[in-house]
1. Counting just the residues of segment 1-13 that are within 14 Å of the chain's Cα centre (by Cα) and of a type in the set (G, A, S), which one comes out surrounded by the most Cβ atoms within 10 Å (Cβ to Cβ)?
2. Answer yes or no: is there a residue in segment 104-111 that is of a type in the set (K, R), modelled with pLDDT under 95 and loosely packed, with under 15 Cβ neighbours inside 10 Å.
3. Do you know which of the residues in segment 92-103 that are in a helix (DSSP H, G or I) and open to solvent by 70 Å² or more (accessible area, probe 1.4 Å) is nearest to D44 (Cα to Cα)?
4. List every residue pair whose Cβ atoms lie under 6 Å apart, where the two residues are 6 or more positions apart in sequence or sit on different chains, the first residue falls within segment 37-58 and is under 14 Å from K72 (Cβ atoms), and the second residue, located anywhere, is open to solvent by 30 Å² or more (accessible area, probe 1.4 Å).
5. Considering only segment 14-91, give the helices (runs of 4 or more DSSP H) lying wholly within it that have at least 1 residues that are touching a Ser or Thr at 6+ places or on another chain (Cβ under 9 Å) and surrounded by fewer than 17 Cβ atoms within 10 Å (Cβ to Cβ).
Amino acid sequence: RMNLKAGIKAAENAAFDTAKVYFKAGREALGSRGWEGDYSTMLDLCSHGANAYFVTGDFDAMATLIDEVLSKEIDTKEKYRVSDIKVKSLFTVGEVGESINAAIEFIRQLGLP
């Protein structure tokens with residue numbers, strides 16, 4: 001949790017490169033069983049981490065974290081933060097159609113028309 005707090009604080013101060021280090025360290029500290037052991041913290045580390053990677057332009061690392069969260073059997077509402085980042089990142093790199101499709105898919109997963 002300390003890495004999560006430090007990462008959030010760094011991101012709040014626009015130190016996104018530093019934030020990435022904290023979020024990654026937090027995920028590594030939780031290890032491969034992080035989702036089972038401390039689900040909430042792992043979700044926050046991945047979600048905030050994806051945002052930090054997005055802001056710094058590291059789209060591959062961002063996509064890895066987004067895919068990790070989206071692959072989990074968790075409530076769709078908890079996937080909102082990474083789904084939002086995914087839509088924004090696709091738009092940012094000029095993939096407007098894919099961005100729209102990702103947004104529509106998430107809306108459908110929420111059960112909205």
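1. At the first step, the residues of segment 1-13 found to be within 14 Å of the chain's Cα centre (by Cα) are 4, 7-8, 11.
Filter again for of a type in the set (G, A, S), leaving 7, 11.
Details: G7: 26, A11: 20.
The selected residue is G7.
2. Step one: of segment 104-111, the residues of a type in the set (K, R) are 108.
This time we only want the ones that are modelled with pLDDT under 95, so: 108.
Next, only the ones that are loosely packed, with under 15 Cβ neighbours inside 10 Å stay: 108.
Yes, segment 104-111 contains at least one residue that is of a type in the set (K, R), modelled with pLDDT under 95 and loosely packed, with under 15 Cβ neighbours inside 10 Å.
3. Quick first cut of segment 92-103, residues in a helix (DSSP H, G or I) only: 92, 96-103.
Cutting the leftovers down to open to solvent by 70 Å² or more (accessible area, probe 1.4 Å) gives us 92, 98, 100-101.
Values: T92: 23, E98: 25, I100: 25, N101: 25 Å.
Of everything passing the filter in segment 92-103, T92 is nearest to D44 (Cα to Cα).
4. Short answer, once both residue conditions are applied: D38/L30; T41/R1; M42/L30; L45/R27; C46/E68; S47/R81.
5. Numbers: elements: 16-30, 34-37, 39-55, 59-70.
Because the criterion is at least 1 residues that are touching a Ser or Thr at 6+ places or on another chain (Cβ under 9 Å) and surrounded by fewer than 17 Cβ atoms within 10 Å (Cβ to Cβ), the helices (runs of 4 or more DSSP H) in segment 14-91 that meet it are 16-30, 59-70.
The values are calculated or read from the model by the stated rules, or taken from the named source; none is laboratory data. If you're wondering where the values come from, they're calculated on a predicted model, not measured in any experiment. Here the Cβ is made from the backbone with ideal geometry for all residues, glycine too, and neighbour counts use every protein chain on show. Protein only, heavy atoms only, side chains kept; ligands, DNA and RNA dropped before computing areas. Shrake-Rupley method; radii C 1.70, N 1.55, O 1.52, S 1.80 Å.
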